[in-house]
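Structure record follows, encoded as structure tokens.
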Amino acid sequence: MRPPPTTSQALLTPRRIRLILAGTTLVLTLLVLPDWFKVFVPEHQLRKFLLSALSVAEPAYTTALALVAAGLATSITLVTRARRRRKPRPLAARSLLLFCSCLLAFMMAEAVTGAWRAWVHRIPPLPAFSSQFETHDPSTLEVAVIGGSSAYGLPFEKWLSTGHIVAWKLQEIFPGRKVRLDILAEPGVHLERMHQKLAAHPRKPDLLLVYSGHNEFTYRFRWSRSVPHYIDDAPPFDPRRALRDWIGRISPICATIRDAVEANGLGEPPPPEVTRTLVDVPAFTPQEYQDRLNDFRRRLDAIVTHCERIGTIPVLLIPPGNDADFEPNRSLLPPGTPRADREAFARAFQQIRQSEHDDPPAAIVAYRALLSTYPDFAETHYRLGSLLRNAGDLDQAAHHFRAARNLDGLPMRCPSDFQQVHREVAARHSSAILIDGEAAIAESSPSGLLDDSFFLDAMHPNLQGHARLAQAILDGLKTRHALGWPQDTPTPSVDPAQSAAHFGLGPQAWITACEWGASFYRLTAYIRFDPTHRLLQLERYRQAAKTIAAGSDPKDSGLPGIGVE
């Protein structure tokens, strides 16, 4: 007689060994294959493949979960009836066991994913005591900068940034101390990423410059992302779709899939054709907007609290943007606006726009009439602001340009709600120095407007912009006598020409800036309904790069943000 199998023999049957090997091979393949794909497959093709796979992942998952729930309910019903009738139903019992196992697996996967998401998006613990940092040399003045590409200095990062100019001038104020600058800022990141990076920074800064707020939406949501907005565009009620949507809202796995879709779509440029309409839809829901705002508030407050604990002076720079010369990306009507009214509005708007050149005063009156009915349409505010600027009514023009920025359904510039968070946090923490970047630029602008004279595109400062922001920061430090600022030492003047000479800002830097401007407008031209102005800017930057390369003075390029006056 054959002896009974041992426990290990019972567990490691040939079939189970084959399943384990197959599963291990699959996991290793998924870990290694993407790197091989990157070698043999172009990145945009790989991204397109990933987006295609991810687009079906959430519907497939929610459908599978709904089927398991339905199967479990059916199995329970069949087994219960069989027990009452005292009839064996082995298939129903096995089905019940199978569906219970599947549901348990789903629950475990959801729990693990939820815990992982909570850890990734947590408010990270920041070093609390100076002993946790590297040894601090009191003769060295540590300056750190966090934020996105504007704080990074893009596209001048090889030469200068706002932080570089501040550090240079601080060296003049404190000649006996060495000033060390840490640019922790990264292009294309939001405050969450900076918060996490600051938690891992090994040195205690004496001065922390926070220059963040432009990337809270455009580096979380793809340019093509659209959410349901108008009530009459909603599809008929379908209980199966409603169930899948409900699962998607509460499931951490579905949230992770959606984040992966957005992350893989961020680098995908729009096709060179018009895909948006004048009356558009937003890229996020009202709840998503509020979630982003709340998270920004929590993180900025945590960073300033951390600075107070360790004796660092936080400087909160309200990020300025190009309000006057960069149109909103998307404009929206109220959700309850019927389709017929939306179409009538679009026709009326286009008629007014066509009349702007021939009769500007009448166009101003007509645009104001549109705003009296639909006050939250961003493009109306922008067109009206442009006409008022031409008419010399600069205060009203600035008002409408700000409204256009704040009402954008895909904002690339820091909205006023996020700017207000800086003020709120600074009001709660007396150690914080608040610098209003918008006011600083407006004070230097002959027109009082934030326009191409200070920016290369929607939000990246040119040399004049960086110089003006650095001057405002130095003025703020002087007012507080921060860092031991000598009582009788005035604020050093930041001159753009001197800054260009000090940091070696020559023709190649201006060519790089023009190439950046051309690239920016090429990527953003078709994310709105009318690419005309941005395509014109694209050609102007391309031509300017050619003329500078041919030996012309950058200030003669015809672009107000290029060159040193």
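The values are calculated or read from the model by the stated rules, or taken from the named source; none is laboratory data. Quantities reported herein were computed from a predicted structural model and do not represent experimental measurements. Cβ coordinates were reconstructed from backbone atoms using ideal geometry, including for glycine residues, and neighbour counts include every protein chain displayed. The accessibility values were calculated without ligands, DNA or RNA, using every heavy atom of the protein model including side chains. Shrake-Rupley method; radii C 1.70, N 1.55, O 1.52, S 1.80 Å.
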Tell me the residue from Arg347, Arg353 that is part of a helix (DSSP H, G or I), among the charged types (D, E, K, R), open to solvent by 40 Å² or more (accessible area, probe 1.4 Å) and over 25 Å from Pro228 (Cα atoms), please. Arg353
Being over 30 Å from Gly476 (Cβ atoms) and more than 27 Å from the chain's Cα centre (by Cα) is the filter here, so list the residues in segment 301-344 that pass it. Gly336, Thr337, Pro338, Arg339, Ala340, Asp341, Arg342, Glu343, Ala344
Which numbered condition Thr135 misses (of (1) open to solvent by less than 100 Å² (accessible area, probe 1.4 Å); (2) at pLDDT below 80): (1)
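Please verify whether segment 205-216 includes one or more residues that are open to solvent by 50 Å² or more (accessible area, probe 1.4 Å) and either in a loop (DSSP other than H, G, I, E, B) or touching a residue at least 24 places away in the same chain (Cβ under 8 Å) (or both).
The initial filter retains those residues of segment 205-216 that are open to solvent by 50 Å² or more (accessible area, probe 1.4 Å), namely none.
So far as segment 205-216 goes, no, none of its residues is open to solvent by 50 Å² or more (accessible area, probe 1.4 Å) and either in a loop (DSSP other than H, G, I, E, B) or touching a residue at least 24 places away in the same chain (Cβ under 8 Å) (or both).
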What's the number of the only condition in (1) touching a Ser or Thr at 6+ places or on another chain (Cβ under 7 Å); (2) in contact (Cβ under 8 Å) with a residue 24 or more places away in the chain that Thr312 fails to meet? (1)
Note down all Cβ pairs under 7 Å where the first residue falls in segment 65-84 and is within 15 Å of Leu104 (Cβ to Cβ), the second is polar (S, T, N, Q) and open to solvent by less than 60 Å² (accessible area, probe 1.4 Å), and they're at least six residues apart or on different chains. Gly71/Ser95; Ser75/Ser95
Suppose the filter is exposed (fewer than 14 other Cβ atoms within 10 Å of the Cβ), closer than 18 Å to Gln196 by Cα, of a type outside the set (Phe, Trp, Tyr) and at pLDDT below 80; does Ala118 pass it? no
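Working carefully through the options Ser372, Ser386, find the one that is farther than 23 Å from Ala439 by Cβ and polar (S, T, N, Q).
Values: Ser386 fails: farther than 23 Å from Ala439 by Cβ.
None of the others qualify; the one that does is Ser372.
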Taking the criterion of being at positive phi and either surrounded by 17 or more Cβ atoms within 10 Å (Cβ to Cβ) or modelled with pLDDT under 80 (or both), would at least one residue in segment 239-256 satisfy it? no
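Residues in segment 328-341: is at least one in a loop (DSSP other than H, G, I, E, B), closer than 30 Å to Glu424 by Cβ and among the polar types (S, T, N, Q)? Give the derivation first.
At the first step, the residues of segment 328-341 found to be in a loop (DSSP other than H, G, I, E, B) are 328-338.
With closer than 30 Å to Glu424 by Cβ added as a condition, the list becomes 328-332, 334-335.
Filter again for among the polar types (S, T, N, Q), leaving 329, 331.
Yes, segment 328-341 contains at least one residue that is in a loop (DSSP other than H, G, I, E, B), closer than 30 Å to Glu424 by Cβ and among the polar types (S, T, N, Q).
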Looking at (1) open to solvent by 10 Å² or more (accessible area, probe 1.4 Å); (2) more than 28 Å from Ala363 (Cα to Cα), which is the only condition Gln419 fails? (1)
Exactly one condition in (1) without any contact (Cβ under 8 Å) to a residue 40 or more places away in the chain; (2) part of a helix (DSSP H, G or I) is false for Leu483; which is it? (1)
Looking at Gly265, Gly321, can you tell me which residue is closer than 19 Å to Pro411 by Cβ, at pLDDT below 95 and surrounded by 15 or more Cβ atoms within 10 Å (Cβ to Cβ)? Gly265
What number of residues within segment 328-343 are farther than 11 Å from Tyr374 by Cβ and open to solvent by 10 Å² or more (accessible area, probe 1.4 Å)? 6
Please go through segment 356-380 and pick out each residue that is open to solvent by 40 Å² or more (accessible area, probe 1.4 Å) and over 21 Å from Leu410 (Cα atoms). His357, Asp358, Asp359, Pro360, Pro361, Ala362, Val365, Arg368, Ala369, Ser372, Thr373
Give all pairs with beta carbons closer than 6 Å in which a residue from segment 173-195 that is under 28 Å from Thr218 (Cα atoms) meets a residue that is surrounded by fewer than 19 Cβ atoms within 10 Å (Cβ to Cβ) and not aromatic (Phe, Trp, Tyr); count only pairs at least 6 apart in sequence or on separate chains. Leu184/Lys197
Identify all residues within segment 302-318 that are open to solvent by 10 Å² or more (accessible area, probe 1.4 Å) and either touching a His at 6+ places or on another chain (Cβ under 8 Å) or closer than 25 Å to Arg383 by Cα (or both); write none if there are none. Ala302, Thr305, Glu308
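Take Pro236 and decide whether it is modelled with pLDDT of 85 or more and either under 23 Å from the mean Cα position of the chain (by Cα) or over 30 Å from Ala348 (Cβ atoms) (or both). Outline the logic, then answer.
Values: modelled with pLDDT of 85 or more: no; either under 23 Å from the mean Cα position of the chain (by Cα) or over 30 Å from Ala348 (Cβ atoms) (or both): yes.
Taking the combined requirement at face value, the residue does not satisfy it.
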Considering only residues of segment 385-404 that are surrounded by fewer than 21 Cβ atoms within 10 Å (Cβ to Cβ) and in contact with a Leu (Cβ under 8 Å, 6 or more places away or on another chain), which is farthest from Asp451 (Cα to Cα)? Gln396
